[in-house]
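Here is the structure we will look at.
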Amino acid sequence: MIERWALVSGLKGDLDTYELIQKDLKKTPGNITLFVLGDMIGPEKNCNRLLHRLINPKSNDLQPWCIYGWWEEQILLESGYRGDQRAEALRINKGEEVVKSLTNAVDKSFLDWIAALQFGFVELDCGLIHGSSKDVGENLTLDTPPLTLLDRLTRLQVNRLFTARSKQQFHLELTEGIVNSEVEDLNGNRKKEQKVPQKAVIGIGSGKNYTLYDVGTDNTQFLQAGYKSEKRIMGFGGL
Amino acid sequence: MNQAVISCLHANLPAVEAVLKDIELQGITNITCLGDLVGYGPQPNEVIELIRDKKIPTCQGCWDEDVVDGLDACDCSYPSQLAEKRGHFAHQWTTDKLTKENKDYLANLPYSIRKDKCLFVHGSPNSQHEYLLPDMDAFAALERVENARAEILFCGHTHQPYIRELADGSIAVKIKNAASKDIQEKEIQLPMRRIVNAGSVGEPRHGGTKATYVVHNEVTNEVKIREVEYDLELTCKAIIDAGLPPIFAWRLKNGFEFAEQAEDASHVCER
Ligand SMILES: [Zn+2]
Ligand SMILES: [Zn+2]
């Protein structure tokens, strides 16, 4: 059976979208694992129903595997789960109102569950994270310098990095690269030519926009929840 | 014009004096220090006061940070429990010895110093605790210099001096995005960058016993590693007299490599 990953993020309390995605996935062939890469919560909507559903899936739901995202980090900060720090960056950028909306959107009883979520998963040679391996709030986009992308891949020691924070959907492959290194120390000189191993960074989208990844063929499909399959943009398989 | 860069003095006064003398004899007045003024060695106050006296611009090292923050380096930075115990002991000893004024001085040192195209840091631009080893992944090394917006990155912390040039680099990428069906390809040229590790004045770990530092010619861009002999016996005696672990003296005498370095040098303490 084909092994597929469904990669979802940025639901921000939107249970309807989550149900649409669950429905889509039921019609998708293959053995599917569902990963929710953070931002299950947000300040715009009450998030309790979605959180309850993620923690207690319906009997025919695909089991969701969740990690925390930037908004989860904010509520954990604000609720004292990160020592003395509070969600100051959020407060400064979006104002006190948004901080309040966020804490009001999530019932306190969910905080321990959120606090127990991991920063990311490493599956096979793939890293699944919300932002980057450096910071949950870091945006990796199509325009991020390749050197930075390579560094974030190297930090996790993975060949593919799935990221959500930028909300973009893209599949960027580092196909080729070279750098000449010359080291001089007290033992003399040594030269080395280093090549870029084949690696990729995949932006999975946000909210209704999610990504299907075919583990066997390394093929990505960028999807929108509720759309018929002919509207799907096919990935570039076999790269 | 030449500039001298020194690092990891580690409270070894005879070594610091010998290196400053060597710099003076070459007529160099422009000196930058990359931190770790204290730790392991027996003369923390004397070394700080000498650097302050000479008004040498200095970055904060990992020991300087830990001593003032009342922090011990996390377990991960020691290769064994015994080494960790010794490290903690040296940390406590140094904290007790330092004057309030000298602690304040260490506490207020900057993480980095920038002079034109040169950036000076203790470990790496990311952390005082990150080791930039001479043979680390070339792209990761280049990323450290490039993201710090420098052309030459001067660092210390490994106690092994080296000069690394990263040149003629390029990366090709292939992009597919949701907005278009086309596949885009492009090639990015990478700039030539250098990393210079100044080694260690007071705790060399390059296999020999001499103190090391580097001299950079700002016109020709040439960098030279200097080795300086100093009165080792004087420091070793002071270590024993101070009641510090005798292995610190033994290490200096034998120029033992990697004596207190973590197994996974690329590990960055997340503390
Ligand atoms: Zn040092
Ligand atoms: Zn250090």
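The values are calculated or read from the model by the stated rules, or taken from the named source; none is laboratory data. What you see is a predicted model, and the numbers here were worked out from it, not measured in a lab. Every residue, glycine as well, gets a Cβ built from its backbone with ideal geometry; the counts of neighbours run over all protein chains shown. For accessibility, only protein heavy atoms count, side chains too; no ligands or nucleic acids. Shrake-Rupley method; radii C 1.70, N 1.55, O 1.52, S 1.80 Å.
Could you look through region B:121-173, keep only residues that are within 16 Å of ligand 2 (Cβ to nearest atom) and part of a strand (DSSP E or B), and pick out the one that is farthest from the other protein chains (Cβ to nearest Cβ)?
By that ranking, first place goes to B:Val121.
Return yes or no: is B:Asn45 more than 16 Å from ligand 1 (Cβ to nearest atom), in contact with a Ser or Thr (Cβ under 7 Å, 6 or more places away or on another chain) and open to solvent by 10 Å² or more (accessible area, probe 1.4 Å)?
It is true that B:Asn45 is more than 16 Å from ligand 1 (Cβ to nearest atom), in contact with a Ser or Thr (Cβ under 7 Å, 6 or more places away or on another chain) and open to solvent by 10 Å² or more (accessible area, probe 1.4 Å).
Would you confirm, using the coordinates I've provided, whether B:Asp137 is on the phi > 0 side of the Ramachandran plot, modelled with pLDDT of 90 or more and away from ligand 1 (no atom under 16 Å from the Cβ)?
Spelling it out, it is not the case that B:Asp137 is on the phi > 0 side of the Ramachandran plot, modelled with pLDDT of 90 or more and away from ligand 1 (no atom under 16 Å from the Cβ).
Scan region B:209-219 and tell me whether some residue there is at pLDDT below 95 and open to solvent by 50 Å² or more (accessible area, probe 1.4 Å).
The answer is yes; a qualifying residue exists.
Kindly establish whether B:Lys176 is at the interface with chain A (Cβ under 7 Å from one of its Cβ atoms), open to solvent by 40 Å² or more (accessible area, probe 1.4 Å) and farther than 30 Å from B:Val19 by Cα.
no
Being in contact with a Ser or Thr (Cβ under 6 Å, 6 or more places away or on another chain) and away from ligand 1 (no atom under 16 Å from the Cβ) is the filter here; which residues of region B:140-180 pass it?
Hits for region B:140-180 are B:Ala140, B:Arg144, B:Leu166, B:Ala172, B:Lys174.
Residues of region A:78-88 being in contact with a Leu (Cβ under 8 Å, 6 or more places away or on another chain) and open to solvent by less than 40 Å² (accessible area, probe 1.4 Å), which ones?
A:Ala87
Of everything in region A:181-199 that's in a strand (DSSP E or B) and without any contact (Cβ under 8 Å) to a residue 12 or more places away in the chain, which residue is most open to solvent (accessible area, probe 1.4 Å)?
Looking at residues that are in a strand (DSSP E or B) and without any contact (Cβ under 8 Å) to a residue 12 or more places away in the chain, I get A:Lys191.
Answer yes or no: is there a residue in region B:94-103 that is open to solvent by less than 20 Å² (accessible area, probe 1.4 Å), of a type outside the set (A, V, I, L, M, F, W, C), within 16 Å of ligand 1 (Cβ to nearest atom) and farther than 28 Å from A:Ser133 by Cβ.
Checked region B:94-103: at least one residue is open to solvent by less than 20 Å² (accessible area, probe 1.4 Å), of a type outside the set (A, V, I, L, M, F, W, C), within 16 Å of ligand 1 (Cβ to nearest atom) and farther than 28 Å from A:Ser133 by Cβ.
Condition first: touching a His at 6+ places or on another chain (Cβ under 9 Å), over 28 Å from B:Pro44 (Cα atoms) and either facing chain A (nearest Cβ under 10 Å) or in a strand (DSSP E or B) (or both). Now tell me which residues in region B:185-223 satisfy that.
Passing the criteria: only B:Val223.
Which pairs turn up if I take residues in region B:7-31 that are within 10 Å of B:Val228 (Cα to Cα) and look for partners that are within 16 Å of ligand 2 (Cβ to nearest atom) and among the aromatic types (Phe, Trp, Tyr) with beta carbon separation below 6 Å, at least 6 apart in sequence or on another chain?
B:Val19/B:Tyr213
Considering only strands (runs of 3 or more DSSP E) fully contained in region A:89-180, which possess at least 1 residues that are open to solvent by 10 Å² or more (accessible area, probe 1.4 Å)?
Per the criteria, A:120-123, A:160-163.
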